Amino acid sequence: MTSCFRGSLIAILAVPLLFAGWRVIGQMQAERYAQTEPERALRWRPNDPRALLALAERQLAQGDAPAAQVTARRLLAHEPLQGEAFRILAAASDKQGDRAQAFRLYRIAARRAPRDVPTRAWLAQRYLEQGDYAQALEQIDNLLRMSPQKIRAVTPVLVQLAQDPAFAEALAGTLQSEPPWRNRVLAALRDPKSGNPLAAGQVMQALQANDGLSKDEYMRWLDSLMAQGRWGEAYARWAGRAAKPDGRLPLLYNGDFAQMPSDTGFDWRRRRVPGVLLQFEPAAGSGGQIAYLQFIGRRIPSAGLEQALMLSPGRYRLTMRVRAQALRSEMGLQWQVICVGPARVAGRSDPIEGNFGWRETAMDFVIPPTGCPGQWLRLVNPVPSGAGQLVVGQLWLTAFTLAPQT
């Protein structure tokens, strides 16, 4: 009796265990075949969500929109919050020509599956078609945050679209929120080869108008314009923002170093040169400063102090106050006005070397009528290379002025 009871009990317990085991096997098989053979997976587990989604996507790719809709609805019947299923329904409606229904379903899909890349891409395209650039860029932002590698493909499209002033304004608004892809887009806009001058100007101007450009970005923008030969535009954009202590811009800006050089645009620039120490000291009896340069006996091609100029053709005189102490080099240091075009060097100062107290020195030069759309004023070592480039000593500079000569 006891043995019979035990046998019955084992048989009763074995049924659910076998059923549970079969379910585990079915689930494992469904997981195995869900992506590659969804029909086979569904024979093991008829309502497996991954298999249903894979089947619906395959049916859609094969052009069978009605079958994809049936499968997607079957998936939603078991998982009502499945966002990808709404994307399948949306894509099927789009294939059938019902754009309004597709738009509605894609928006549902975006809410249910916010990280679904195809949904974001479709909505971005649709919003662009509607001219709703802010919404389009919201989708693009989400897309690029999820798939940063897509920036390479998306960037040229953004540059092209930014030729439209309305899109440029919207893009600037998005960039001002500091998305992680901001630097890549700004670099693409500035790029002389892949960028677009109109698009870059509109986006950068919109950012600047809302204080959305950092100092470094502003500097890079102006430098990119100058690198493209657009010195006139670079000067105009810099002049609109530059401080004007006397209400106007002189031909040579900040000649007394009253403001610390900004290294930007048409202000003084300091280049790091090994072997040269450059700093600024207060100028007694004035509100300006003195540039102090110490040369420690190394080979240098230039002193690292320069300024971009925007001079029209004609004759000019550059004056400055200079002082030197034990300043020695093969040919002396020299100020040069160098054209950015084929005209090359427009003027050279007398050599600066030796020991002398404060004195005023002048340099006359001519900007030719062609081949010189912009210029650099640089303190250089005229020795081309080799041991003759060694410079040692100290130099003080201040009170630069530049005036046209009749």
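Below is a table of values for the structure above.
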| read-out | value |
| --- | --- |
| Criterion: over 30 Å from G195 (Cβ atoms), in the same structural domain as G354 (by TED's automatic domain parsing) and buried (at least 20 other Cβ atoms within 10 Å of the Cβ) - qualifying residue of I300, I296 | I300 |
| Members of region 287-298 found to be touching a strand residue (DSSP E or B) at 6+ places or on another chain (Cβ under 8 Å) and over 17 Å from Q394 (Cα atoms), listed by number | G288 |
| Flag if E217 is at pLDDT below 95, buried (at least 18 other Cβ atoms within 10 Å of the Cβ) and in contact with a helix residue (DSSP H, G or I) (Cβ under 7 Å, 6 or more places away or on another chain) | yes |
| Test set (1) part of a loop (DSSP other than H, G, I, E, B); (2) free of Cβ contacts under 8 Å to residues at least 12 places away in the same chain - A236 fails condition number | (1) |
| All helices (runs of 4 or more DSSP H) inside region 75-144 with 3 or more residues being over 23 Å from P49 (Cα atoms) | 99-112, 117-130 |
| Region 334-391: number of residues that are outside any loop (DSSP other than H, G, I, E, B), polar (S, T, N, Q) and within 21 Å of L252 (Cβ to Cβ) | 4 |
| Residue that is nearest to V380 (Cα to Cα) [pool: residues in region 303-317 that are in contact with an Asp or Glu (Cβ under 8 Å, 6 or more places away or on another chain) and buried (at least 20 other Cβ atoms within 10 Å of the Cβ)] | Q307 |
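Matching residues to (1) of a type outside the set (A, V, I, L, M, F, W, C); (2) over 34 Å from the mean Cα position of the chain (by Cα):
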residue	(1), (2)
L75	no, yes
D98	yes, yes
Q101	yes, yes
Y106	yes, no
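The values are calculated or read from the model by the stated rules, or taken from the named source; none is laboratory data. It should be emphasised that the depicted structure is a prediction, and the values quoted were computed from it without experimental measurement. When we count neighbours, we look across all protein chains shown, and the Cβ atoms used for this are built from the backbone with ideal geometry, even at glycine.
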